[in-house]
Amino acid sequence: MKYTKKITALCAAMMFACTAVQLPVYAEDSTKSDDIVILYTNDVHCGIDVNIGYDGLALYKREMQAQYDNVLLVDAGDAIQGMPVGTLSKGAYITRIMNAVGYDAAIPGNHEFDYSLETLQVRADELNCGYICANFYNTESGEPLFDAYKMIEAGDKKIAFVGATTPETLAGSNPVFFQNEEGEYIYSFGGDGSIYERLQNAVDDAKEDGADYVILLGHLGETDIREGWSAQEIVAELTGIDAVIDGHSHDSTPGLSVKSKDGKDVVITQTGTKLANIGKMTITTDGKISTELIDSVPAPDEKSGIAEDTWLEADGREGRFVDKAVNSEILQIQSEFNEILDRKIGSSDYELIANDPETGERVVRNHETNLGDLCADAYKYVLGADVGIINGGGVRTSISSGDITYSDAMAVFPFANMAMVVEVTGQQILDVLEAGAMKYPGENPSFIHVSGIEYTIDEGVPSSVKQDESGAFISIDGEYRVKDVMINGEPLDTAKTYTLACHDYYLKNGGDGFRYILSEKCSIVRDSVMSDSDLIATYIRDNLGGVIPEKYSNLYGEGRIKFINSSAEDTDAEDAADEDVAEEDATEEDVAGETDNAAGDTDEAVPETPVETAPETSVKPENNPSTGVGITIIVPALCLIAAGLTRKKK
């Protein structure tokens, strides 16, 4: 399976325009421009007050309306999913805010489908502008579920927005939503190649309907996209397209020129994610199209006519200027949302630990814990992967026994990383575990907690992990510390392909130095399924039925990770061998002595000096973080003590 990893020769690769701070300019005679301005967003992922925020977007829209007669606002998908405010309301809070801002057109991204088709239809009915999508249809009837395009008049011009959603949605969202009871797919996004025909038909229909400009409003993506489905590849197969406002890959693309099938230069643009930018497309009266990204909203100028009591500088948001009415709506929603955060999602008879309950010191970065097990299990079982992993540095705090609320889930995972599934080889899994074990018994934020995996760390083997100047993993140049790796009860096969669930910080962004192991060497199966806090809440509420089972009762986990010290074992073996030799020598001397005495030897024997030995340390099974025997029992306790002595506060 091939993916578009870079913008290639397929694109007439010319990046034009640049990220900008748009300063309001108002004509002295107050005459507005006849140019058409289209503002656009994509992949907001519930970031309602993140970066520019929806309230900042609303203010910027008003500033543009003060300068231009024709200002439109559109969204290219993935707005209603990605953070708890979306998950707990199934997107209802987001459509409510979008209505307050005033969108003119929107398409469903792959994650708009995450709450089920029925729920999406409810959201579509709530959203004043509705949804459009030309390539999503019922395979039995052939009928689309949404209108293929939307025509909007801007002055004396007609602009048609044609909706396009990535075929990756079938795998990126929940496949069950697109199947019948027999598990057969009855919905399609045109992944069989029909996407080109359906989009072309929509473009042709819009042209026939009188469109002066046809804008492809897509959730397709430019990079890391399966071959044939990227925005630039789609454009190369179409005629009649004037521009593409895109989403899905979270690229910040001010403007990328691509040749369409009829040889026309078509600009593709995308704003990134979570309102880091607002996109601005300008269509001049002579038909020229330009695009730029706006990364900050200025305070309105006096000449704008925007009353001072209708905008403000948002509290705690680094000088962000926002629309007062939309800001008030967001604050109201956050107040309602906070009540939801306090709702119970489950309960536990056991404390789930990231920190030692007695000392308060972190243990999750150098030892297995029950919370680490639970989080890894959430990735594996909610996402349906062969294995699940989570780094100790991502598990931020313990959960006390008693009721568990959504706030607890967010405290454990406060970063809003997105859960996803990739295909990796057994060798990649082994290297990830090795990189996570390289600092043991010291702390390591990339210490790996596992589900569906068991492994042993041999402290006696020096780490031979090689890293580049940035700290990224390069290779293992010696013996592996990680041994005896089992995958769901079977020995790890380094040549086999497994599905692995984790967060995008590792799998897409190469966090903690995993760029060369994971983010650049894995195939994405399910992308950005839900936030990590949503994931653990879903696992506790739905998979576990709201009750933490006894399997998580041991603070130090189920023994999925074992610890040995082969150098200590070798020393013990040498000492034992020396003792055996000493005993043999003593026996020979005793025999010789007896013989000498029998012969009349009168030399007196010199008494041996007794050797003191350290008393054995008793390790209570209920407090022992490993279920092994012999050295496997003793070493974890010693390592925890050593880690406690060397651990740095962070």
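Among 197-203, 460-466, what's the highest-first ranking by average C-beta atoms within 10 angstrom per residue?
Per-residue Cβ counts within 10 Å, averaged per peptide and sorted highest first, yield 197-203, 460-466.
How charged is the neighbourhood of GLY272? Take every other residue with its Cβ under 10 Å from the Cβ of GLY272, and add Lys/Arg as +1 and Asp/Glu as -1.
-2
For ASP315 and LYS344, FRET efficiency with R0 = 30 Å and r from the beta-carbon atoms, rounded to 0.05?
Computed FRET efficiency for LYS344 and ASP315 comes out at 0.50.
Where does each of 556-567, 177-188, 433-444 land if you order them by average Cβ count within 10 Å, highest first?
433-444, 556-567, 177-188
Can you tally the net charge around ILE345? Count Lys and Arg as +1, Asp and Glu as -1, for every other residue whose Cβ sits under 10 Å from the Cβ of ILE345.
Neighbourhood net charge equals 0.
Simple spin-label model, 7 Å along Cα-to-Cβ: ASP477 to LEU145 in nm?
Modelled inter-label distance: 5.4 nm.
Could you please report the charge total around LEU216, scoring K, R as +1 and D, E as -1 over all other residues with beta-carbon less than 9 angstrom from its beta-carbon?
So the surrounding residues net to -2.
Compare the peptides 517-529, 32-44, 397-409 by average per-residue count of other Cβ atoms within 10 angstrom and give them in order, highest first.
My ranking of the peptides, most packed first, is 32-44, 517-529, 397-409.
Can you tell me how region 117-156 classifies by the Cα gyration tensor, rounded, prolate or oblate, using a/c under 1.5 as the rounded cut?
Oblate shape, in that a/c is at least 1.5 and b/c is the bigger or equal ratio.
May I ask you to derive the FRET efficiency for THR497 and GLN334 from their Cβ-Cβ distance with R0 = 51 Å, giving the value to the nearest 0.05?
Once the sixth-power term is evaluated, E becomes 0.75.
Readers should treat all values here as calculations from the given coordinates under stated rules, not as data from a laboratory. Worth saying up front: this structure is predicted, and the values here are computed from it rather than measured. All Cβ positions, glycine included, derive from the backbone under ideal geometry; neighbour counts span all protein chains shown.
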